[in-house]
Amino acid sequence: MRVPRRAGQGRGLEQRHAQLFAEGLEQARLHVERFGHLAVAHTDGRVQEGFDLGRWLANRRAHTASLTMEQAEQLRCLDAWWNPPWPLDWQRAWHRARIHVYEQGQVHGGDNRMGLPCWLQRWLRHQITHYEQLHDGQVMLLAELGLTTSEVERFHAWPGRRRPTADGLTVARAYAARHGHLAVSQPLVVDGFALGTWLNRQRQRQRSLGRPTRLGHHLTALDAWWNPPWPVAWQRMWWACRHHLTGLPEGLEWWAAAPNDQHAAAWLGEQSARRPLLQPRQQSLVDELLSLASEVPMRQPRINNAAWQPLSGRLPARSHIGGRPSASGRSWRPSSTSPTLDRPGGAFRQL
């Protein structure tokens, strides 16, 4: 048996829904006046006057089909992107970035975003890295911040400073496989990637933290001395000297401007002479090289006493700069008791 519906019941329910929507719309309007948007998470927990705006908006987004055209238009008038087709946290981050742009000016792609807050640098870098996957609406919103398509292209004009960490690690891995180390100079650029600058930035970051980073563990696996506590140039010379002593391993090749064997031998002689001044781990590395060498390399003198005697007579007299001049009035000449530069290893012993 069919039970007839009471007249007016459906109308009353519609009126109740309209009343609840009007209350929520008023709270949304107050939020927009204060914060400028409706990108409120449903877990925000902000309850004003007993009304949970975040949950109310989440329900409206989940049931957009139940909204009338007038209600949907009212929400769009408050915030055109109140229900974006991308994650809501992206929209909140964009509003946060827009506040910074209003206060500090638009962002650019060519200045490496220096001076921006760290969170904004990371967020912008992520947008640029995944720019091709962004929604057209997201691209338009980024353009309002100043990050247009041309700025993204300008950003990629400096690939060495702006590639993701994975790209830097890939280039570092290829360089270590080719040359056997990561003790590169800061100006080094490999295939358009500023590897030297990138590695230097990773060293500074790890030292500031005072502990190995996750990326640092990967780099240590490539070169145990990629981040030495002494100058990187010293470590690079150590690698060159080792390769000269043991021979370049199969599959490796010399890097650009690598020192020759004479330069490496002279350097090892200097390090052996100043060994007490080195750090303990540097001393161990020098000892390792000395154990590989048949004898301590001696630096050859530039000129000996026998050659100096006839040459000194052709030089102008030494000017008097204080004190009493010699009785003979002649300039200084090395005597037979001068340092024995002509003896093997003489210059080495005076280092």
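The slack in the chain from Q104 to H42, taken as 0.36 nm per residue of separation less the alpha-carbon distance, amounts to 19.3 nm.
Label positions at R178 and N59, each projected 7 Å from the Cα along the C-beta direction, are separated by 6.2 nm. Using θ = phi - 60° in the Karplus curve 6.51 cos²θ - 1.76 cosθ + 1.60, the 3J(HN,Hα) couplings for region 187-196 round to x, 5, 10, 10, 6, x, 10, 6, 5, x Hz; x is entered for Gly and Pro. The stretch between T68 and R125 holds 16.6 nm of extra length on full extension. This uses 0.36 nm per residue minus the Cα-Cα distance. Modelled spin-label separation between Q15 and Q204, with each label point placed 7 Å from Cα along the Cα-to-Cβ direction: 6.9 nm. The H on the amide N of F51, modeled in the peptide plane, is under 5 Å from the matching H of no residue at least 5 residues off or on a different chain.
Where a number appears in this text, it was derived from the coordinates with a stated rule and is not lab data. Everything numeric here is computed off the predicted structure, so don't read it as measured data. Note that we place each Cβ from the backbone using ideal geometry, even for glycine, and neighbour counts take in every protein chain shown.
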